[in-house]
Each structure stands twice: as C-alpha cells, then as structure tokens.
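Enquirer: Here you go, one structure.
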Amino acid sequence: MKVIVLGACGGMGRYVSKSISSFQEIDDLVVADLNLNDAELFASKLGPHVKGIAVDINDTETLLRVLLNYDVVLNTVGPFFKFGYQVLKTSLEANCHYMDICDDWEPTERMLELNNIAKEKNLTAILGLGASPGITNLLGKIAIDHLDIAHTIYTGWNLEEAQPESVSSQKEINAAMIHGIEQITGKVKIFKDGKFEMVDPLKELKVSYPNIGTHSAFIFGHPEAITFPYHYKDLLNSVNLAHGNKSTIFVLKIMRKLINLKILTKKIAARFLEWLEKQEASKKLVQANSLPEIYALAIGFKNGNEESVGVSLDGEPSRELTMGEATGYPLSLGLKMFLNNKISERGVIAPESKCIDHKKLLMEIYESFGMKDAKIKIDKSW
C-alpha cells in the first residue's frame with residue numbers, strides 16, 4: 001500500500017515516520033510537511049525509498065489532489081481542534097483509509113459523524129491512536145470486558161509524565177501545549193447519567209481505585225469521554241481525568257482563571273506552559289501520585305454486585321520516553337495491524353472498538369517502549 005504521513009517532521013510525526021519506514025507492507029512511503037526542505041531532509045535520513053513533499057493542509061483542494069495518490073493517510077498535524085475534521089473529510093473524499101492521534105474532543109464528535117460516509121466508501125478511519133487517547137482506550141476496553149456490564153468508565157494519566165520534544169519542525173508554539181491550554185479553558189464535554197454535558201475542566205473528582213485507594217483527579221477535556229459511549233451503548237458515565245503534583249494543578253487552575261477573565265491569552269499561556277515543562281526545576285516538583293501513570297477504571301456489575309476494575313501497566317520502560325515516542329509508536333503499530341488485515345471494520349472508529357485485538361496491540365506497544373517484560377496489571381474490587 002501507499003502511505004502518506006502528514007506533519008511528518010513534527011514532534012509526533014517524526015517517530016511515526018521513522019517507525020514505519022521499515023514496514024515491508026508499505027510499497028511507497030511519503031513524509032509530508034509544510035516546509036519542503038524539512039520534508040526532503042527528513043526523508044533522506046529515513047532512506048532512499050522514502051520521499052519528502054510539501055503539503056499545506058489548509059489548502060484543501062491541493063491536499064485532495066495529493067491524497068488521491070495514496071491508500072492510507074496518517075495524520076499527526078495538531079492541534080486537532082483546528083485541523084482534524086477537514087483532514088479526515090478530505091481523506092475520505094480521496095478514498096483513503098485514515099488514522100490519527102487526535103486528542104481533542106470537539107473534532108472527535110464531528111469526525112464520528114462521518115461514519116456512514118466511510119462505511120459507504122468501504123474505508124476505515126481510526127481516531128486517537130496515540131497514548132491518550134489510544135493506550136487509555138485499549139486499557140478501558142480490557143477493564144470493561146472484566147465486568148458483566150459496565151456503567152462508568154474513567155480514563156486517566158499523570159500530567160507530569162509528558163516530556164517535551166527536543167526536535168520538531170514546529171517554529172511556533174508546540175501543538176501539544178496549545179491542545180493542553182484549550183482543554184483546561186471554557187467548558188469541556190463529558191458523558192454523565194446517560195447524556196453528554198458541558199462542565200468546567202479541572203473540576204476535582206475522587207477516584208476509588210481497587211487495591212490503591214481513593215485519590216484526587218481532575219476533569220480534562222479529551223476524546224475518550226466521547227468515544228466510549230459511541231462504542232458502548234450501556235455506559236452511563238464516561239470521563240477523562242488527569243492527576244499530578246499539587247503545584248502543577250494549582251498553576252493550571254490559575255492559568256485557566258486568567259484566560260477565562262481575558263487577562264491572559266491562550267498563546268501566552270501555551271508558551272509559558274512549554275517553557276515550564278522544559279525546566280529541570282519543575283521536574284523536581286514531581287512526586288509520584290498513588291494513581292497509576294496511565295490507567296482506565298471501569299465500574300459496573302459482576303455476578304450481581306457492583307464492582308470496579310482498574311487496568312494499568314506493570315513494568316518500566318528501558319529509557320525515559322518522550323511524548324513523541326509514547327504517542328507515535330501506538331499509531332505505527334496500529335497501522336501495521338491494519339496493513340496485515342488484523343483490523344477489518346469499516347467506518348470511523350476509536351481504539352476501543354471491538355474489532356481491535358487490544359491485548360495484542362498493547363503488548364506490541366509496550367515492547368516498542370523497551371518493556372519486554374511488561375504485563376497488563378488488573379486490579380479488581382472482588
């Protein structure tokens with residue numbers, strides 16, 4: 001198959017492109033970025049079989065003409081609340097299968113509405129196959145499967161674990177920082193009591209995790225809250241949470257208040273957040289929270305009793321992972337499964353779709369992280 005990676009020279013796209021450059025299943029691989037020189041230079045480092053081209057995804061007519069030459073589009077261009085929907089729509093118009101690392105809930109809603117179009121065209125589009133969303137969705141599917149019926153799903157992660165990229169084609173503010181600011185301001189959507197509801201982000205919730213105890217976590221706008229009810233119709237509640245050092249949460253809450261009062265712009269806030277993440281001093285503030293670094297928690301019924309199941313990772317990476325690695329490798333391995341006909345469902349789906357072998361994909365992801373002895377950790381209340 002012919003594969004094109006959009007945003008290939010960015011912090012996430014670089015890891016995706018490098019990882020898939022050795023896939024025997026790919027006949028032609030093109031790495032596309034806004035800057036032609038960056039794309040060609042990066043392609044030359046991946047090998048003579050890889051071509052670099054310039055693509056401006058804002059120019060939808062040109063994008064469509066380019067995509068007509070490929071079978072699969074991997075979209076790593078953020079922030080997705082700006083670009084996600086249009087790139088998927090154009091990909092489907094070009095009759096391309098599609099996969100991305102979309103981490104914004106707003107475009108996810110609109111992208112799921114393209115499901116019928118994708119099915120009619122016999123195309124597969126997988127949204128949010130990164131770390132979170134991505135790994136969190138896979139963990140959530142496993143948690144739900146341990147219950148007879150689940151009514152609540154929480155996905156969560158530690159804010160302190162994201163390590164900024166040192167190499168990227170982005171000349172402006174890091175897209176991940178823009179995404180983070182966007183999802184802690186205004187209102188975000190969660191699924192509560194069987195319906196979607198707009199709430200304030202960073203609202204504190206108490207999470208009772210089996211074999212660990214009750215700890216604080218904070219609502220963070222993310223696609224998982226949208227996609228789980230899409231795939232699991234019996235769910236009554238779906239919320240994405242973040243946890244971290246008290247100092248980190250305090251700073252985010254102050255930034256949220258200043259932005260909402262229009263005292264601080266989102267752009268300045270994103271620059272400050274990017275600077276803060278790179279400071280070694282801020283790393284020293286990190287203290288391990290008792291909640292797992294990344295997890296899913298399902299609540300429901302087992303043998304007639306209300307129970308809960310937490311699913312997380314048991315094992316440590318052989319090295320400190322960057323955000324690009326943690327996000328890019330799942331997308332790469334998801335592509336490999338698709339190219340080998342291990343994902344055959346058509347339509348617009350999320351990683352928790354029942355058509356995906358969640359345990360197999362998770363273990364392959366963990367192995368790519370250098371975690372060969374890693375296990376999926378199951379904590380049950382019974």
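Enquirer: Just subtract the alpha-carbon distance of K187 and N211 from 0.36 nm times their residue separation and send over the number in nm, one decimal.
Expert: Taking K187 through N211 to full extension adds about 5.4 nm, to one decimal.
Enquirer: Rounded to the nearest 0.05, what FRET efficiency do L68 and F301 have when you use their Cβ-Cβ distance and R0 = 45 Å?
Expert: That gives a FRET efficiency of 0.35.
Enquirer: Report the gain in length on full extension from E25 to D59: 0.36 nm times residue separation, minus Cα-Cα distance, nm rounded to one decimal.
Expert: So the chain would gain 9.3 nm between E25 and D59.
Enquirer: So, one more: So, with +1 on the Cβ of K and R and -1 on the Cβ of D and E, and no other charges, what is the size of the charge dipole of the chain about its Cα centre, to the nearest 20 debye?
Expert: The calculation lands at about 620 debye.
Enquirer: To continue, here is another question. Structure shown: which of K203/K257; K187/K266; K45/K336 lie over 18 Å apart, alpha-carbon to alpha-carbon?
Expert: K45/K336
Enquirer: Going through the cross-link list K119/K192; K2/K380; K233/K267, which pairs have a Cα-Cα distance over 32 Å in this structure?
Expert: K2/K380; K233/K267
Enquirer: Which part of region 342-378 falls in the paramagnetic zone of S290, meaning amide N under 20 Å from the point 7 Å along Cα-to-beta-carbon?
Expert: Answer for region 342-378: 377-378.
Enquirer: Show the residues, 5+ positions off or on another chain, whose built amide H is closer than 5 Å to the amide H of E307.
Expert: Sorted by chain and number, the residues that satisfy this are G300, F301, K302.
Enquirer: Taking neighbour Cβ counts within 10 Å as the exposure measure, how do S17, S353, S216 sort from fewest upward?
Expert: Ordered from fewest to most neighbouring Cβ atoms within 10 Å, S17, S353, S216 come out as S216, S353, S17.
Enquirer: Can you list the lysines whose alpha carbon is less than 22 Å from that of K377, not counting same-chain residues fewer than 8 positions off?
Expert: K141, K206, K302, K354, K359, K360
Enquirer: In nm, to one decimal, how far is the E345 label point from the I117 one, both placed 7 Å along Cα→Cβ?
Expert: 2.0 nm
Enquirer: Next question. Using the Cα centre of region 89-136 as the reference point, and only Cβ charges (+1 on K/R, -1 on D/E), how large is the resulting charge dipole? Debye, rounded to the nearest 20.
Expert: Result for region 89-136 is approximately 220 debye, rounded to the nearest 20.
Enquirer: Test of understanding: extend the Cα→C-beta vector of K51 to 7 Å, then name every residue of region 1-36 with backbone N under 12 Å from that spot.
Expert: 2-4, 28-32
Enquirer: With axes computed from alpha carbons, what is the tilt in degrees of helix 80-93 against the longest principal axis of the chain, rounded to the nearest 10 within 0 to 90?
Expert: Roughly 50 degrees, rounded to the nearest 10.
Enquirer: Between L362, I378, G347, whose Cα lies farthest towards the positive end of the dipole of region 341-382 when Lys and Arg beta carbons carry +1 and Asp and Glu beta carbons carry -1, centred on the Cα centre?
Expert: Of L362, I378, G347, it is I378.
Enquirer: Still on this structure, I have one more. What number, in percent, do you get for the relative contact order of the chain if the mean sequence gap of Cα pairs under 8 Å and at least 6 apart is divided by its residue count?
Expert: It rounds to 21 percent for the chain.
Enquirer: Can you sort F218, F250 by how many other beta carbons sit within 10 Å, fewest first?
Expert: F250, F218
Enquirer: Where nothing but the Cβ of Lys and Arg (+1) and of Asp and Glu (-1) is charged, how large is the charge dipole of region 205-270 around its Cα centre, in debye to the nearest 20?
Expert: Dipole about the Cα centre, nearest 20: 460 debye.
Enquirer: How high is the FRET efficiency between K203 and D148 when r is their beta carbon distance and R₀ equals 30 Å, given to the nearest 0.05?
Expert: Computed FRET efficiency for K203 and D148: 0.50.
No lab work stands behind these numbers, since they all come straight from the coordinates. Note that the structure is a prediction, hence the values are computed from the model and not measured. Here Cβ is always computed from backbone atoms with ideal geometry, including for glycine, and neighbour counts include all displayed protein chains.
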